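Q: Before I ask anything, here is the structure I am working with.
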Amino acid sequence: MTSPTQRTLAKLRAEGWTAFVVERWNAYARIRQDLGGFGDVIAWSGDERGVLIVQATSGPNVAARITKIEGLEAAKAWLLTAGASLEVWGWRKAGERGARKTWQVRRVSLGLGEGGAVTTLEEMQRAEIG
C-alpha cells in the first residue's frame, strides 16, 4: 500500500508539476515534521499555477488537518506569498457498489478570509454569498 504522500507526489507529477517531499522524520522526537507545520509536498509548475504546498492525509482526517492549519501563523505567511497556494488532499478508496475500489482524492484549497484568517475557499465563498 502506498502512503497519501506517495499518491500525492504521483498525481502532482502526472499533472505536470515538479514535486518533492518536504516533511522529515525527527528521530529524536520520533515523529514526522511537516514544513512550516502544514506541508508534506511542495510543487511548482513553471506556469501560472505558481507554487503549491500540499498537506496529504487520509480521507477521514481532512477536517482535522484544516483545523490545525487554520491556527498556524506560518500558513498565513505562506498564503501571503505571491503565487503561493495551499491545499489539503484527503485520500480514500471509493467506487461503485460491487465494483473495484480505487484511490480517490478530495482537494480542499485554503486561502485568507476576512481579517486575514486562514480558511477554506468554500467558507470564503459562503461568506460572500450570505
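Q: Can you tell me which condition Val54 does not meet? The list is (1) at pLDDT 95 or above; (2) over 14 Å from Thr120 (Cα atoms), and all the others hold.
A: (2)
Q: Which members of the stretch 30-52 meet the condition of being surrounded by fewer than 16 Cβ atoms within 10 Å (Cβ to Cβ), in a loop (DSSP other than H, G, I, E, B) and charged (D, E, K, R)?
A: Answer for the stretch 30-52, where residues must be surrounded by fewer than 16 Cβ atoms within 10 Å (Cβ to Cβ), in a loop (DSSP other than H, G, I, E, B) and charged (D, E, K, R): Arg30, Asp47, Glu48, Arg49.
Q: Right, something else. Kindly indicate whether Gly98 is touching a residue at least 24 places away in the same chain (Cβ under 8 Å) and either in a strand (DSSP E or B) or open to solvent by 70 Å² or more (accessible area, probe 1.4 Å) (or both).
A: In short, no.
Q: Using the structure shown, decide if Ala84 is over 15 Å from Arg107 (Cα atoms) and either of a type in the set (A, V, I, L, M, F, W, C) or touching a helix residue (DSSP H, G or I) at 6+ places or on another chain (Cβ under 8 Å) (or both).
A: Answer is yes for this residue.
Q: Another question, if that's okay. Based on this model, can you work out whether Val21 counts as over 19 Å from Ser109 (Cβ atoms) and in contact with a helix residue (DSSP H, G or I) (Cβ under 7 Å, 6 or more places away or on another chain)?
A: yes
The values are calculated or read from the model by the stated rules, or taken from the named source; none is laboratory data. Computed from a prediction, not measured in an experiment: that's the story for all the values here. Cβ coordinates were reconstructed from backbone atoms using ideal geometry, including for glycine residues, and neighbour counts include every protein chain displayed. For accessibility, only protein heavy atoms count, side chains too; no ligands or nucleic acids. Shrake-Rupley method; radii C 1.70, N 1.55, O 1.52, S 1.80 Å.
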